[in-house]
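Report on the following structure.
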Amino acid sequence: MPKILIIDDEKVIRSTLKEILEYENYDIHEAQDGAEGLKMIESQDFDLVLCDIKMPKMDGLEVLDKVSQMDKQPQFIMISAHGSIESAVEATKKGAFDFIPKPPDLNRLLLTVRNALEKKDLVTETKVLKKKLSKKLDMVGESEAINQVKDTIEKVATTDARVLITGPNGTGKELVAHWLHQKSNRNSSPFIAVNCAAIPSELIESELFGHEKGAFTSANKQRQGKFEQANGGTIFLDEIGDMSLSAQAKVLRALQEHKITRVGGDKDIKVDVRVLAATNKDLKKEIEENNFREDLYHRLSVILIQVPALKDRKEDIPLLVDRFLGDIAKEYGTAKKDIEEKAVKKLMEYPWTGNIRELRNVVERLVILGSQTITLEEIKKYADY
């Protein structure tokens, strides 16, 4: 049952609102002024607060301002007989869900309460999902090589500097990009990943920049590209070394002018995106072979992050194996399996040419085929080496 606090210095208003909302099966609590209401919010968890603006001791906007600085943040609906456009604007700037004048219209009040509670549920769900995603994307390891990557992320994440992430396949370059976004000031905006190697060269420009209706045979409607979808957030151009030269030219323009043009269009569209890129190729060699633009390389590589191969951070393998055993058990809904210490040591001897991706696949195979405690013999039997 949603828990709602009514803060109003007029008893008749509190009683009326309480009667209406209790009839709708809400758990209603009352406070006769802002100071009392703030104490109740500090000591209890409320889903929603209906708060008058003009009150003795502490007005509603001051209550809203103080609550916005707390960890717990219920939704606020401001109510006042002294309503004005200025009050409504100020209330929404401070984080209020809506502003309702007195006497409130019953239908509008109930609809606004339902919408505010739905938003509260969405905000809570989003926080839970972000926490799960953060754990899933955690960068596991304590080796010097991976700690250098973590340190660089901490230093550059809060800037808008473009980052070029290099390293062999399977090392976790996209994971680095996710962390750069999650720790940035853009983390509440979209993170759009584009695998440049997976898109045919004739479609890459449409994928990145969108197209207008009729731009080509199958373009039967207008379509936004990835740059527009990422506006305000981050775009991650994975395997950028596989991008065509014509698409590279358009990406360069987007970086230089913060504008894109849809395929088949002539209108400039402003975009505000942070660009992260990754490749497993030697781009300097690609430049020498005229496969990659040197000016684009310099635009992308303001910061360079080299993600180490697993063979260069073998001391992290025990931590990675333990994480994968836990993750796979959750995915399969089974108990987490153990692994013998000598079995882990054997895994540390392998070259892991497929890096972390390969290690994860091997651990999953061992979970499926191995016993409850994975043995050295099972490592020799089921691992590829």
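Using the Cα centre of the chain as origin and beta-carbon charges of +1 (Lys, Arg) and -1 (Asp, Glu), tell me which of L276, M58, T171 is placed farthest towards the positive end of the dipole.
Sorting the options by dipole projection puts first T171.
Got a sec to turn the phi values of the range 221-229 into Karplus ³J(HN,Hα) couplings, 6.51 cos²θ - 1.76 cosθ + 1.60 with θ = phi - 60°, whole Hz, x for Gly and Pro?
Running phi through 6.51 cos²θ - 1.76 cosθ + 1.60 with θ = phi - 60° gives 7, 5, 9, 6, x, 5, 5, 5, 4 Hz.
Here are some pairs, K259/K285; K66/K93; K311/K345; K173/K284; K66/K120; which of them have Cα atoms lying more than 21 Å apart in this structure?
K259/K285
Between R114, R360, R323, which gets the highest mean-square fluctuation from a Gaussian network model of the chain, Cα cutoff 10 Å?
Maximum among the listed residues: R114.
Taking every pair of alpha-carbon atoms in the range 137-308, what share in percent sits in each 5 Å bin, from 0 to the bin with the longest distance?
Per 5 Å bin, starting at zero, the Cα-Cα P(r) for the range 137-308 comes out as 1, 9, 17, 21, 20, 15, 9, 5, 2, 1, 0 percent.
Just one of (1) 211; (2) 225; (3) 274 is volume of the Cα convex hull per residue in Å³ as worked out from the coordinates here. Which one is it?
From the options (1) 211; (2) 225; (3) 274, the structure gives (1).
Let me spell out the model: positive unit charges on the Cβ of Lys and Arg, negative unit charges on the Cβ of Asp and Glu, origin at the Cα centre of the chain. What dipole size does that give, in debye rounded to 20?
640 debye
Using a Gaussian network model of the chain with C-alpha springs under 10 Å, which one of S43, S244, S68 is most mobile by mean-square fluctuation?
With Cα springs under 10 Å in the chain, the top fluctuation among S43, S244, S68 is at S43.
How compact is the range 22-126 by the rule of thumb for globular proteins, expressed as Cα Rg over 2.2 N^0.38 Å?
Dividing the Cα Rg of the range 22-126 by 2.2 N^0.38 Å gives 1.01.
Taking the dipole about the Cα centre of the range 3-133, with the C-beta of Lys and Arg at +1 and of Asp and Glu at -1, give me whichever of A88, L117, Y23 is farthest to the positive side.
Working it through, the farthest residue towards the positive pole turns out to be L117.
Would you mind ranking F209, F97 by Cβ crowding within 10 Å, fewest neighbours first?
So the ranking, lowest neighbour count to highest, is F97, F209.
Tell me the net charge near I374. Cut-off is 14 Å between Cβ atoms, I374 excluded, with +1 for each Lys or Arg and -1 for each Asp or Glu.
It works out to a net charge of +1.
Once you've got the GNM for the chain with C-alpha springs shorter than 10 Å, pick whichever of I317, I328, I305 has the biggest mean-square fluctuation.
I328
Quick check: net charge around R162, other residues with Cβ under 14 Å of its Cβ, Lys/Arg +1 and Asp/Glu -1?
That sum, taken over residues with Cβ under 14 Å, equals 0.
Can you find, among A230, L347, I305, the residue sitting farthest towards the positive end of the charge dipole of the chain, where Lys and Arg contribute +1 and Asp and Glu -1 at Cβ?
In the chain, that residue is L347.
None of the figures in this text is laboratory data; all of them are computed from the coordinates on show. Every value quoted in this text rests on a predicted model; they were computed, and no experiment measured them. In this analysis, Cβ positions are derived from the backbone assuming ideal geometry, glycine residues included, and neighbour counts consider all displayed protein chains.
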